[in-house]
Every structure is written in structure tokens, then in C-alpha cells.
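This report concerns only the one structure given below.
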Amino acid sequence: MGATHEQEGEAAFQGLPAEAVRSFVRGFRGDVVTPTDEGYDDARAIWNGMIDKYPALVARCAGVSDVVSAVDFAREHDLPLAVRGGGHNVAGTAVCNGGVVVDLSAMNGVRVDRERRTVHAEGGATLGDVDRETQLFGLATALGAVSQTGIAGLTLNGGYGHLSREYGLALDNLVSVDIVTADGHVRTASENRNEDLFWAVRGGGGNFGVVTTFEYDLHEVGPEVYAFFAWFHADDADATMAAFREWTETAPRNAGVLAFTAHVPELEEFPEETWGEPAIAFLGSARGDSADGEVYDSLRKSATPIVDMSGPMAYVDLQSMLDEDYPDGLRYYWKSVFLEEVTDEVFDLMIRYNESAPSALSTIDCWHLGDAVADVPRDATAFWHRDKPYMLTVEANWEDADDDDANVNWAREVFADVQALSVASGRYGNFPGLNEDPTKLLYGDNYERLVEVKTEYDPENLFRMNQNVAPRTDTK
Ligand code: FAD
């Protein structure tokens, strides 16, 4: 019998030269947690309770020099290396078995530059960390929709949220990054410095190094916006989904909406007689001249809602209103595919599979994308699937490990059926299942250029715990 992953973590640690470990720990400003330390299980735990990995060391970095030391240590001792930003990637790539976790969670400083209208955020910051600071000045950058998510994974792989149809993906808002590459050097990448690296990190995920600082452009947002949040009976799907399709075809850029199928939660905001019923819900937000919320009238009036919780709301509250739906330690398996159109078949499938979901916590989400995201040419950054107006995401969310197979299989069945539709193509790197899809599906015609940049900056593939772009091996 081979070693268990638990033994693998311990064995890899014990196999390291003791003096090298002592010297690494001595020079480290943050904490180094090893398999024999009391806090080891906490240090290796991430958001998705499905993930149970045993690293040799968790290097909780306190600054850029710690990141450099940890990268150097992993490279010199030929250890697998994982990078943890916000720890919210569903595939669990923020940890690894038998290697080093470069954990940036303590590096979450945020500084707003009011004059330049930019914000600098460290690589372990969450969306909430950034939004709270920028909203002090009535400013925001385009990030995602759940405040506990890390900016790092979100931005490096794309970043869709309430502001994206107006201001683009999170990565479209990047001005520069500071990054520790595989050789342990600290580099700055921007439009006029290490341009190839800047092109690659905007969509190429964690393949190119550890980003220690992200600098983003800021826009005037809020502090109050209009939040649209209404739930309808699944029996009214024909009317509500037709209204959604029509709405997306004429929507202004300063308003957005996401449609999802779900089960009515057992919460006091919902009439008790509807608890557990299959439903369709809309979540959106509007700003500027759409901030009175009238833009949502056609959706709101498409059927009689179970409940309509819409109204003015602080932008930071909008950004955190879904947080409690995604607690740490629950079990998650999510996959996504882009759609050219939202046909009746897509809606039928959402309704049908919602009814058969083994867990009432699961949802099937239809995102409306495009506009500012699609304005950017597909080869301007590594992010390829800009032209797709919609994305379907299957979110299997459940509590009990005994139900893993039923829930993962359900999500895979939904996914296989969507994928078979002629309107479906590509993948989004931030909802990656367990990273079982070919990386090329993310990058389309940008893939070869990514291989070139990877070969230059990480020829030994040190950064491979991700949707890996393998370097060329014939580098002559
Ligand atoms: P981590 O798990 O910490 O990291 C994931 C990977 O990113 C790592 O394996 C590594 O390869 C890389 N990485 C992390 N930090 C760094 C760094 N500093 N430098 C270099 N590489 C790094 N996505 C959207 O687009 N819009 C949403 O609204 C949205 N909502 C979400 C809500 C929830 C509850 C969750 C769990 C996810 C959501 N996502 C959304 C997906 C989210 O963008 C990804 O899960 C993303 O990977 C999370 O980033 P993280 O830093 O927390 O991930």
C-alpha cells in the first residue's frame, strides 16, 4: 500500500535537511507551520470542505521577502508549491500534498491613492478588504460578488461581478502587479514594464509567479446602489425566463442581473409555505441613471414574486449579501461553460435539474456578461472568452461527505447536457470543477503565447498547482 496523503505531508517534512528548515524558519518574518505543529490542521484547511491535503510546510508570509524565501525554499528542495490567496478556489489548488504552501492570507493590506484613482492591494486581500477601503471615497474597482473571495485567484483568472458589464473584468482594471517569479526575483509588470508577463497574468491564473500586490483602477460607485433581488415560483419559469432573455438583450451597462434556479431557503424573509420549493431568482444591481431600479420593471412584473427584497443598498452590503450562503467547510463542486445564447433548452435544463438536485443548497446560475468585457480584443490579455454573452455555472453545494458522489455526479450530468448544446463552448477558469478540463479550453488562440511566456519565466514549471500551462521542454 502507498503512503496516505497524511503520511506524505509528514514524510516530506521529515525528509528535509533539518538545518535548511531551521535556517528558513529563522529568516522568516511570518509563521511556518509544519505537520508536527498544533495549528497544522487549521493552516491546511481551505474554504471547500471537500479538499483535504497535507503539505510539508505552510509558510504564512508577512511580506514580500517571506514570499521570496518560500519560493526559493520550494525550488531548492524540489518541493511542490501551492499559492494561497483567499483560499476560495473550488478545486482546492491553494494547498498541496507534501509541498510548500505559500500562504498570503496575512498579506491583506489595501491602500487607496485618491489622486491617481487607483488602489494597491496585497495578494492575500479579499474582495471585502478592497471594497471597504475604496468605498470610503465612493470608489470601487470591478471585482466579484462575494466579499470573502480572494482578489488574487479571482483577478488572475478573470473576475466577473456586478460592475463588469460597465467596467470590465477584474483583470481589465489592473494597472500593474508586483510578482515573485520562479527564480525568486521580484518584478513589476504593467503595460510598459515586463509587458509579456503583464499580458499573461491577466487571465493566465497562477502560472507565472506569486503576485504580492495588485494595483487597480477605480471608478465612482455608490456608496448606495439599487439592488434587485426577487424570487419567483419555478412554475412561472416560462414567463420569467423569457423576461430575463429580453432584459439582457437591451440592458444598459450600468445595470446587471444574474438568474439562478434554487430551492426557497428556510429563512424568515420567505413565506413558510414556500420553504423548500423549486424557484427562480434574480440578483442584480443598478447605478447612475438606472439607480431608481425602474430598469428592472419588466423582470419584476413578469410573474407574481414569492418575495421581492429589492431596494437601495450600500454597495459594500450588496457585495457581502451572499456571504452566508457559502460558509467555510461546506462541500462544493462547481463547473462553468459559456453560452452564445440563452435558448429555451437552456432554461428547461436549469429548471429540470434544479428539481432533481440531491441538495437543496445547490443552484444553477446564468450570468449575463458582455459589453465592457467584450470591448477588449481577445488577444489584448490572456483571457480569451470575452465575446460570450452568457455563462452557465453549476454549483453543487452540500453538507455531508457521504453525499459526495451523488452531488458531484449530479453536477457532471447537468454539465454534460449543457455542454452538448450547440450554444455552449469554452470554460471559465474560476469555476473549474476539480481542474479536470484541458487547460486549452480556457485560452483558445492565446494558448501558444502563454506557453512562450511560461517557458521564459517558469521553465521548470514550479507554479503548476493551477490550471497548468506547461512550459516547452525544447527550449533550445
Ligand atoms: P485561492 O484558492 O487562494 O487561489 C486559487 C489559485 O489562484 C491558486 O491555486 C493559485 O494558482 C492562484 N493564486 C492565488 N493567490 C495568488 C497570488 N497571490 N499570486 C499568484 N497566484 C495566486 N468568480 C467570479 O468571477 N465572480 C464571482 O462573483 C465569484 N464569486 C465567488 C463566490 C464564492 C463563494 C467562491 C468560492 C468563488 C467565487 N468566484 C467568483 C470564483 C473565484 O474567483 C475563484 O474561486 C478564485 O480562484 C478565488 O480566489 P482566491 O484567491 O480566494 O483563491
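The values are calculated or read from the model by the stated rules, or taken from the named source; none is laboratory data. Since we're looking at a predicted model, the values are computed, not measured. Here the Cβ is made from the backbone with ideal geometry for all residues, glycine too, and neighbour counts use every protein chain on show. Ligands, DNA and RNA are stripped out before the accessible areas are found, and what is left, the full protein with its side chains, is counted by its heavy atoms. Shrake-Rupley method; radii C 1.70, N 1.55, O 1.52, S 1.80 Å.
Quick notes on this structure:
- Whether the chain is rounded, prolate or oblate, judged on the alpha carbon gyration tensor where a/c under 1.5 counts as rounded: prolate
- Pairs of lysine residues in the chain - Cα separation under 28 Å, sequence separation of 8 or more or cross-chain: 12
- The chain: calculated mean residue ellipticity at 222 nm from DSSP helix runs of at least 4, using -39500 (n - 2.57): -8000 deg cm²/dmol
- Loop-located GluC sites (Glu not before Pro) in region 1-80 (DSSP state other than H, G, I, E, B) with a sparse environment of at most 13 neighbouring Cβ atoms within 10 Å: 38.
- Nearest-ten-degree value, helix 237-250 long axis tilted from longest Cα axis of the chain: 70
- Note that region 389-399 has calculated 3J(HN,Hα) couplings of x, 9, 9, 10, 10, 9, 10, 8, 10, 8, 9 Hz, one per residue in order, obtained from phi through the Karplus relation 6.51 cos²θ - 1.76 cosθ + 1.60 (θ = phi - 60°); glycine and proline are x.
- For residue 473 and residue 242, the FRET efficiency from 1/(1 + (r/R0)^6), where r spans their Cβ atoms and R0 equals 45 Å, is about 0.30.
- Rg in Å to one decimal, and Dmax rounded to a whole Å, for region 224-425 via C-alpha atoms: 16.8, 51
- Extension gain, residue 378 to residue 266, is 36.0 nm, computed as 0.36 nm per intervening residue step minus the present C-alpha separation.
- Vicinal HN-Hα couplings computed from phi for region 105-113 (Karplus, 6.51 cos²θ - 1.76 cosθ + 1.60; Hz; Gly/Pro x): 4, 7, 9, 10, x, 9, 9, 8, 9
- Positive end of the dipole of the chain (Cβ unit charges, origin at the Cα centre): among 259, 463, 411, the Cα lying farthest that way belongs to 463.
- Cα gyration tensor shape of region 229-338, rounded if a/c is under 1.5, else prolate or oblate by comparing a/b with b/c: rounded
- Using a simple spin-label model with pseudo-atoms 7 Å out from Cα toward Cβ, residue 195 and residue 340 lie 3.4 nm apart.
- For the chain, the longest principal axis of the C-alpha atoms and the axis of helix 447-457 are separated by about 30°.
- ³J(HN,Hα), Karplus 6.51/-1.76/1.60, whole Hz, each residue of region 72-86, x for Gly, Pro: 4, 4, 4, 5, 5, 9, 6, 9, x, 10, 10, 10, 10, x, x
- Sites residue 304 and residue 328, calculated FRET efficiency, Cβ-Cβ separation with R0 30 Å, nearest 0.05: 0.25
- Rounded to 10°, Cα long-axis angle of helix 5-14 versus longest principal axis of the chain: 30
- Efficiency of FRET between residue 72 and residue 297 - r from beta-carbon atoms, R0 56 angstrom, step 0.05: 0.45
- The portion of the accessible surface of the chain made up by carbon and sulfur, rounded to a whole percent, is 45 (1.4 Å probe; DNA, RNA and ligands excluded).
- Under 5 Å between amide hydrogens, built in the peptide plane, is the criterion, and for residue 258 it picks out 283, 284 among residues at least 5 positions away or on other chains.
- Given their separation in residues at 0.36 nm each and the Cα-Cα distance between them, residue 401 and residue 42 gain 127.3 nm when the chain is fully extended.
- Restriction of the GluC sites (Glu not before Pro) in region 400-476 to DSSP coil positions whose beta-carbon has at most 16 other beta-carbons within 10 angstrom yields 436, 460.
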